[in-house]
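Colleague: Just passing along the structure, written as structure tokens.
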Amino acid sequence: MTDDLQKRIQAALANPQNMGEMTGADSIGTVGNADCGEMLRLWVKFKQQDGKRVIDRATFQSFGCETAIAVASLATELIRGKTAEEALALKTEELAGELGPLPPMKIHCAQLVEGALRSALEPQSVEPKKEISPAPANAPTLLDSFSKPKEGGVKLTFLD
Ligand code: FES
């Protein structure tokens, strides 16, 4: 990773935007990257503006990688005021915004954000007439998803 990119990532991380859970979100998308253990959840709230349903606000929670956090911070700002279709039309590199081009080993970090966005918005764009039901108040947090034991338990194998 170049020093310049590292500096831009650090600048985005110094003042991350839209971090945290959102109560009363219209839509939630969660994705995980099994390769690196990264997980990202995105909350989206819509509003009516000029006769269109646009994204009022989006927030995120992420575990791990700084690049994914920086991209999510920039992307949640970028999609404000866009319709779901407009947000979904954004390319991965556009979501990374002012971070600029990412090196090949970091592209999947931005794709993680894109995946969470797709997961949150796709149902609405696929079925435009169907209202998305609000997330239940007792929906598990991202931390719950990580820390609660999986159904069926975890198998530990001790090495010799
Ligand atoms: Fe895996 Fe960034 S290193 S999401």
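The values are calculated or read from the model by the stated rules, or taken from the named source; none is laboratory data. Quick caveat, the model's predicted, so the values are computed rather than measured. Because the Cβ atoms are built from the backbone with ideal geometry, glycine has one as well, and the counts that use them run over all protein chains shown. Ligands, DNA and RNA are excluded from the accessible area calculation, which covers all protein heavy atoms including side chains. Shrake-Rupley method; radii C 1.70, N 1.55, O 1.52, S 1.80 Å.
Colleague: Collect the residues in the stretch 97-110 that are part of a loop (DSSP other than H, G, I, E, B) and away from the ligand (no atom under 12 Å from the Cβ), keeping them in residue-number order. Even if it seems obvious, please write down each step before you answer.
Modeller: Taking the stretch 97-110 as the starting set, the residues that turn out to be part of a loop (DSSP other than H, G, I, E, B) are 100-103.
Across the stretch 97-110, the qualifying residues are 100, 101.
Colleague: Continuing with this model, one more query. Got a number for residues in the stretch 78-96 being in a loop (DSSP other than H, G, I, E, B) and in contact (Cβ under 8 Å) with a residue 12 or more places away in the chain? Lay out the reasoning, then the answer.
Modeller: Keep residues of the stretch 78-96 that are in a loop (DSSP other than H, G, I, E, B), which gives 79-82, 89-91, 96.
Now drop any that are not in contact (Cβ under 8 Å) with a residue 12 or more places away in the chain, which leaves 79-82, 90, 96.
Number of matching residues: 6.
Colleague: Among all residue pairs at least 6 apart or on different chains, which show Cβ distances below 6 Å where the first residue, located in the stretch 98-112, is over 15 Å from residue 75 (Cα atoms) and the second is surrounded by fewer than 19 Cβ atoms within 10 Å (Cβ to Cβ)?
Modeller: 103/1
Colleague: Right, here's the next one. So which of 75, 11 is touching a helix residue (DSSP H, G or I) at 6+ places or on another chain (Cβ under 6 Å) and not in a loop (DSSP other than H, G, I, E, B)? Spell out the reasoning first.
Modeller: Working: 11 fails: touching a helix residue (DSSP H, G or I) at 6+ places or on another chain (Cβ under 6 Å).
Checking each option against the conditions leaves just 75.
Colleague: Please work out which residue is most open to solvent (accessible area, probe 1.4 Å), limiting yourself to the stretch 51-95 and to residues that are within 16 Å of the ligand (Cβ to nearest atom), more than 10 Å from residue 110 (Cβ to Cβ) and among the hydrophobic types (A, V, I, L, M, F, W, C).
Modeller: 63
Colleague: Another question, then. State the number of residues belonging to the stretch 20-40 that are within 21 Å of residue 108 (Cβ to Cβ) and either assigned to a loop (DSSP other than H, G, I, E, B) or more than 16 Å from the ligand (Cβ to nearest atom) (or both). Explain how you work it out, then say what you get.
Modeller: Within the stretch 20-40, the subset within 21 Å of residue 108 (Cβ to Cβ) is 29-40.
From what is left, the residues that are either assigned to a loop (DSSP other than H, G, I, E, B) or more than 16 Å from the ligand (Cβ to nearest atom) (or both) are 34-37.
Total meeting the criteria: 4.
Colleague: So is residue 46 open to solvent by less than 60 Å² (accessible area, probe 1.4 Å) and more than 16 Å from the ligand (Cβ to nearest atom) or not?
Modeller: In short, yes.
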